[in-house]
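**Q** I'd like to ask some things about the structure below.
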Amino acid sequence: MGDEQGNLENTSNQRESWKEEELLRDSRILENTRSFIVEYNLKTKQCYVDPAQRRHVYGNWSKRLKTSADFHRVVLKEDIPLLKSFFDFSNLKAGDSRRVDARFYVKAHTYEWFRVSLVCYGDAKGHKERVLITFTNAEKELETIRKMKFLLAKDPLTHMPNLDSFIQMTEELIQSHPGMRFAVIRMDINKFRIINEIYGTKEGDNILRYIGVKIQEWAGPAQGESTYCRVSSDMFCVCIEYNKEDIQELVSFMQASLKGYPIRFEMVMSFGIYVTDEEDQEGRTPVITLMDRAVTAQQTVKNSYLSNVAYYDEKIQKKEAAEKEILSEMKHALGTEQFKVYLQPKCEMDTGKIIGAEALVRWIHPQKGVISPGDFVPVFEKNGFISELDAFILEATCKTLRRWLDEKKPVYPISVNVSRADLYNPNLLDQIQSCVAKYDIPHDLISFELTESAFISDNMQLCNLASLLQKNHFRVLMDDFGSGYSSLNTLREIPVDVLKIDLKFLPPSSDDLRGNTILRCVVDMARQLGLEVIVEGVETKDQVDFLLSIGCRFAQGFYFYRPMPISDYEQALAKG
Ligand code: C2E
Ligand code: MG
Ligand code: MG
């Protein structure tokens, strides 16, 4: 401490007369608060310590503090450097003030937080003369903040820890047990949305609380060797030391608990488990990544009737690694034209004549060969790159159409696919229009294949997009009609020109009379609604005959042509 540092050993009996009245008033005020003051005269080096100090510092500092060198005896070690600079008065000027928070000794082995503030007063000439230092015990405020933090760390519905505190606690758990293998278990109820819809959210909440209680009952307090939380909605997460039997026990316990819940709905939970490896145990993998891996495992059994528990295994790891590779290569692949447009002809069934084509992307990888869209489109839909890819396919298609028009070749319409992930792109229509305008393509030569979604809000977007495209004189096809997502209602709501029925979803067969009747009725209904029908996935002569017998005229399928490079399509057209 500087040489102008006060010597706190002088106490109230050395009070100076010049400020007696003022100090008396100060101390009365301060005695009624959790504060006390110390006044130090920089010139005389005399010090006044408020008697209220004893009330707030049970250990009475003056006993521990014989000289300023004893300072360390009343301050927590870590805070000494901070206070040394605070009490260095060498650069202090009249009118200056400072504030610091530090932990001071209050009683045996106990330190509490004090807020220390200081004001420097000057003499008549304005030279610094004395400092008034206020010590305010801030322990209660900090305790309140600690309590608030604790409350904020809880999920208000189940009173379990929330995601943030789970992450923090799990991080600490793993780091404090190096070498120990942990299992991160993600679980939720299959079709919980339906429970909410049928029984109401109040009952849904009761079930979530019940699950919370059961998890806590099984795992014990969320400290020590296990952590748990409600992630959000019906998703819960538990982290325990890895032991296959314990996990099996948790699964059985949760299933039995759900069976015991008084509701006429068979509730089934699915579980995804990730077991940490050496790298994770060294704390190098963020907890959120461990949770993501558990989710990836869980997704493989979600809503499955065969199994409800899945471990993150080598197969999943390989798939994730492949996805990562796809993501790391996609931009370069687009820049180096590895993505190519393949065309699959659409035919008139009774003549076999080509009436148009669908543009289907292929990734021609320099090492891996031809990669099908099924392997990368879902990955690109997740990260948004599909928009760039679809724009590229549209442009390549327009370029080709332009070339054919310029070369005066026969030109038939081409349809391009619009990803569900593109529905929320507000610039989509502008982008389509400017691309089509750039190559000056008549609008009846380009059409768009849209697919329904499982989400109602997506279908509203779909509806908007479809009517905007129609207003701009583009034809709209409803792709994959008959797949799980589509409903008859969509036909009423979404304006489309062509219904594209996929035989994958509505397969006709000689011994499936009901299936055939459905297909026949769908075709009939489309006709009555004034919609054109095209059937895709047509593979056999029998299918062609049946489709013709129920009034379908157009098809796309391997029976006629497989998707092919543009040059092959040109040859197919030339052959007639
Ligand atoms: P989709 O739009 O329904 O395309 C039809 C798919 O059915 C194509 O698969 C086609 O090769 C396949 N197919 C056609 N005829 C038959 C048949 O007779 N039997 C069988 N088993 N399959 C047949 P592909 O090319 O693998 O594309 C799969 C899906 O990937 C497409 O389904 C589409 O949803 C998506 N996709 C393809 N290209 C693009 C694209 O450029 N952009 C977007 N967003 N999605 C695309
Ligand atoms: Mg399609
Ligand atoms: Mg389709």
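The values are calculated or read from the model by the stated rules, or taken from the named source; none is laboratory data. This structure is a prediction, so every number in the text was calculated from the model and none was measured. Please note: Cβ atoms are built from the backbone with ideal geometry, for glycine as well, and neighbour counts cover all protein chains shown. Remember, those area values only see protein heavy atoms, side chains included, never the ligands or the DNA or RNA. Shrake-Rupley method; radii C 1.70, N 1.55, O 1.52, S 1.80 Å.
**Q** Looking at region 414-438, which of the residues that are part of a loop (DSSP other than H, G, I, E, B), within 16 Å of ligand 2 (Cβ to nearest atom) and not polar (S, T, N, Q) is nearest to LEU462 (Cα to Cα)?
**A** It comes out as LEU423.
**Q** Which of the residues spanning region 140-186 are charged (D, E, K, R), outside any loop (DSSP other than H, G, I, E, B) and more than 18 Å from ARG230 (Cα to Cα)?
**A** Answer for region 140-186, where residues must be charged (D, E, K, R), outside any loop (DSSP other than H, G, I, E, B) and more than 18 Å from ARG230 (Cα to Cα): LYS140, GLU141, GLU143, ARG146, LYS147, GLU172.
**Q** Inspect region 221-237 for any residue being within 19 Å of MET291 (Cα to Cα), open to solvent by less than 20 Å² (accessible area, probe 1.4 Å) and of a type in the set (Val, Ile, Thr) and give the result as yes or no.
**A** yes
**Q** Within region 400-414, can you find the residues that are under 45 Å from the mean Cα position of the chain (by Cα) and within 16 Å of PRO345 (Cα to Cα)? Spell out the reasoning first.
**A** The initial filter retains those residues of region 400-414 that are under 45 Å from the mean Cα position of the chain (by Cα), namely 400-403, 412-414.
The answer is THR400, LEU401, TYR412, PRO413, ILE414.
**Q** Now a separate question. Need pairs with beta-carbon distance below 6 Å; first residue open to solvent by 60 Å² or more (accessible area, probe 1.4 Å) and within region 443-470, second within 16 Å of ligand 3 (Cβ to nearest atom) and at pLDDT below 90; sequence gap 6+ or separate chains.
**A** ALA454/TYR485
**Q** Spot the failing condition for ASN417; the list is (1) open to solvent by less than 50 Å² (accessible area, probe 1.4 Å); (2) in contact with an Asp or Glu (Cβ under 8 Å, 6 or more places away or on another chain), and only one is missed.
**A** Exception for ASN417: condition (1).
**Q** Moving on to the next point. Name, by its number, the condition in (1) more than 12 Å from ligand 1 (Cβ to nearest atom); (2) at pLDDT 80 or above that does not hold for SER487.
**A** (2)
**Q** Find all pairs meeting these conditions: Cβ atoms under 7 angstrom apart; at least six residues apart or on different chains; first residue within region 363-382 and under 15 Å from LYS319 (Cα atoms); second residue open to solvent by 60 Å² or more (accessible area, probe 1.4 Å) and not polar (S, T, N, Q).
**A** VAL379/LEU327
**Q** Would you please name the residue that is modelled with the lowest pLDDT, looking only at residues in region 138-190 that are over 21 Å from ASP101 (Cβ atoms) and of a type in the set (D, E, K, R)?
**A** GLU172
**Q** Let me ask another. Quick test for you: out of ILE534, ILE566, ILE550, pick the one residue that is open to solvent by less than 60 Å² (accessible area, probe 1.4 Å) and closer than 16 Å to LYS504 by Cβ. Give the derivation first.
**A** Working: ILE566 fails: closer than 16 Å to LYS504 by Cβ; ILE550 fails: closer than 16 Å to LYS504 by Cβ.
Residue meeting the stated conditions: ILE534.
**Q** So, one more: Take ASP70 and tell me if it is over 22 Å from ALA138 (Cα atoms), assigned to a loop (DSSP other than H, G, I, E, B) and modelled with pLDDT of 60 or more. Working first, answer last.
**A** Numbers: over 22 Å from ALA138 (Cα atoms): yes; assigned to a loop (DSSP other than H, G, I, E, B): no; modelled with pLDDT of 60 or more: yes.
In short, no.
**Q** Looking only at residues that are under 20 Å from the mean Cα position of the chain (by Cα) and open to solvent by 90 Å² or more (accessible area, probe 1.4 Å) in region 157-191, which one is nearest to TYR242 (Cα to Cα)?
**A** GLN168
**Q** In the set LYS382, LYS340, LYS368, which member is in contact with a strand residue (DSSP E or B) (Cβ under 8 Å, 6 or more places away or on another chain) and open to solvent by 30 Å² or more (accessible area, probe 1.4 Å)?
**A** Details: LYS382 fails: in contact with a strand residue (DSSP E or B) (Cβ under 8 Å, 6 or more places away or on another chain); LYS368 fails: in contact with a strand residue (DSSP E or B) (Cβ under 8 Å, 6 or more places away or on another chain).
After applying the criteria, what remains is LYS340.
**Q** Take the residues in region 377-407 that are at pLDDT below 95 and either farther than 19 Å from SER328 by Cβ or touching an Asp or Glu at 6+ places or on another chain (Cβ under 6 Å) (or both), then tell me which one is nearest to ligand 1 (Cβ to nearest atom).
**A** Out of the qualifying residues, it is SER387.
**Q** The conditions are (1) outside any helix (DSSP H, G or I); (2) within 16 Å of ligand 3 (Cβ to nearest atom); (3) free of Cβ contacts under 8 Å to residues at least 60 places away in the same chain, and SER509 fails exactly one of them. Which is it?
**A** It fails just one condition, (2).
**Q** Also: Note down all Cβ pairs under 8 Å where the first residue falls in region 84-99 and is within 17 Å of LYS43 (Cα to Cα), the second is surrounded by 11 or more Cβ atoms within 10 Å (Cβ to Cβ) and among the polar types (S, T, N, Q), and they're at least six residues apart or on different chains.
**A** Every condition considered, the pairs that remain are PHE87/GLN5; ASP88/GLN5; PHE89/GLN5.
**Q** Condition (residue is at positive phi and either away from ligand 2 (no atom under 15 Å from the Cβ) or open to solvent by 20 Å² or more (accessible area, probe 1.4 Å) (or both)) applied to region 476-483: is it met by at least one residue?
**A** Yes, region 476-483 has at least one match.
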